[in-house]
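Read the structure below first, then the notes.
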Amino acid sequence: SAKLEGRNNYQFYSCATHAESPVRLTMESQLYHALERNEMFLVYQPRVDVKSGRIVAVEVLLRWNNKDLGFVPPISFIPVAEDTGLILPIGDWVMHEACRQCRLWTDAGLTLKVAVNLSARQFKNKNLLRATVSAINAYGIDPGLFELEITESILMNHTESSVATLRQLSDMGVGIAIDDFGTGYSSLAYLKRFPVHALKIDRSFINEITQEAEDLAIVRAISSLARSLHLKVIAEGVETEAQLQFLQYPECDEYQGYLFSKPTTAEKISDMLSSGIVIAQPG
Ligand code: C2E
Ligand code: MG
Ligand code: MG
Ligand code: MG
């Protein structure tokens with residue numbers, strides 16, 4: 001199955017990327033030239049409103065196709081990009097590219113929110129505010145159409161300046177979502193102290209939601225917590241119709257997963273949007 005392949009792939013790369021292995025060194029040296037050689041590109045995965053079935057946002061996911069290494073999954077190269085600091089120029093490129101695409105969609109009459117993943121190093125970087133605003137302004141997009149996804153663990157390692165940055169971005173209308181919610185170490189007090197707008201429930205809770213009572217209980221608890229705090233809830237990794245059925249009751253706002261679509265090209269997203277009845281309101 002795709003799931004097993006993914007796991008094997010992950011194990012292969014995670015062993016290979018440890019320490020000073022040859023694959024890791026090749027990856028590192030190739031990563032330095034990845035942008036200038038146009039080896040990186042973005043794919044987009046729809047986020048769908050549970051009630052209306054409409055696409056309301058896309059998650060922006062980075063892809064790297066290298067001449068020697070082939071397709072390298074982000075779970076392998078993002079840590080290398082982090083260690084080398086290359087995540088900063090790469091992350092800036094991702095934000096610009098996402099905003100450029102958002103502008104194209106807006107100009108085509110397709111209003112669609114773009115959600116970009118932020119790594120630990122980007123979050124801690126003093127230039128985060130400038131980098132984000134620069135991407136948004138470069139294409140003149142509505143800041144309400146831009147969202148940042150940050151994992152709990154990354155959020156936990158905040159500095160005062162990174163929290164101030166989140167607040168400034170939030171005041172501009174930029175959305176902040178906590179990614180892989182439920183898997184990291186976090187304090188619920190942060191949901192109150194930080195300008196957070198959405199929780200993305202990690203797919204490990206969705207995976208067996210139809211069989212495991214505990215998973216359903218956790219999803220329900222997260223949903224009701226989110227509702228009380230006026231946060232949006234998004235279920236990640238929805239692969240089956242049965243899983244989606246289970247998400248109606250805990251009342252997730254949106255879902256994302258292979259059931260609706262795998263991450264795909266901007267063109268395919270445009271086709272889905274223009275063939276469907278899809279208009280998302282910013283904010
Ligand atoms: P994430 O942010 O939690 O992204 C969701 C991951 O789940 C994506 O993997 C997506 O393809 C996968 N996924 C979506 N639906 C399903 C499903 O129904 N079943 C299964 N099994 N998987 C599903 P991907 O694209 O390989 O990305 C992996 C991780 O790499 C992301 O996790 C994110 O943490 C990181 N990443 C990807 N792009 C970027 C980026 O531009 N910047 C940074 N900093 N990190 C990125
Ligand atoms: Mg994400
Ligand atoms: Mg996630
Ligand atoms: Mg993840």
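Here, each number is a calculation from the coordinates, and none is a lab measurement. Quick caveat: nothing in here was measured; it's all calculated off a predicted structure. In this analysis, Cβ positions are derived from the backbone assuming ideal geometry, glycine residues included, and neighbour counts consider all displayed protein chains.
Checking every one of the chymotrypsin sites (Phe, Trp or Tyr not before Pro) in the stretch 227-264 against DSSP loop status and a limit of 15 other Cβ atoms within 10 Å picks out 258.
Counting only Cβ charges, +1 for Lys and Arg and -1 for Asp and Glu, the dipole size of the chain around its Cα centre is about 500 debye. Screening the chain for whole DSSP H helices of 24 Å or more along their axis (Cα) with average Kyte-Doolittle hydropathy at least -1.0 returns 87-107.
Taking every alpha-carbon pair under 8 Å whose residues sit at least 6 apart, the stretch 112-228 reaches a relative contact order of 22 percent. Of 33, 230, 96, the sequence from fewest to most neighbouring Cβ atoms within 10 angstrom is 230, 33, 96. Could you pull out the pairs from 113/232; 67/124; 51/192; 124/192 whose alpha carbons sit more than 23 Å apart here? Beyond 23 Å: 67/124; 51/192.
Considering only 270, 228, 134, the Gaussian network model of the chain with Cα springs below 10 Å gives its largest mean-square fluctuation to 228.
What are the semi-axes of the equivalent ellipsoid for the chain, taken as the square roots of 5 times the Cα gyration tensor eigenvalues, largest first, in whole Å? Don't jump to the answer; show the numbers that get you there.
Working: eigenvalues 147, 105, 88 Å².
Here the semi-axes work out to 27, 23, 21 Å.
For the stretch 124-209, the list of trypsin sites (Lys or Arg not before Pro) that fall in a loop by DSSP and count at most 14 other C-beta atoms within 10 angstrom reads 126.
Looking at the chain, what % of its DSSP beta bridges pair antiparallel, to the nearest 5? So the antiparallel bridges amount to about 40 percent of the total. With springs connecting C-alpha atoms under 10 Å apart, model the chain as a Gaussian network and identify which of 176, 206, 218 has the largest mean-square fluctuation. Greatest mean-square fluctuation among the candidates belongs to 218. The stretch 37-107 and the stretch 170-200 have Cα centres separated by 21 Å.
Taking the number of Cβ atoms within 10 Å of each Cβ as an exposure proxy, the fewest-first ranking of 92, 49, 171 is 171, 49, 92.
Taking a straight line from the alpha carbon of residue 262, these aspartates and glutamates sit under 14 Å away, with near neighbours fewer than eight places off in the same chain left out: 59, 236, 239.
Computed from point charges on the beta carbon alone (+1 for Lys and Arg, -1 for Asp and Glu), the dipole magnitude for the stretch 138-206 about its Cα centre is near 180 Debye. Loop sites by DSSP among the GluC sites (Glu not before Pro) of the chain, restricted to those with at most 11 other Cβ atoms within 10 angstrom, leave 37-283 as the longest stretch without any of them.
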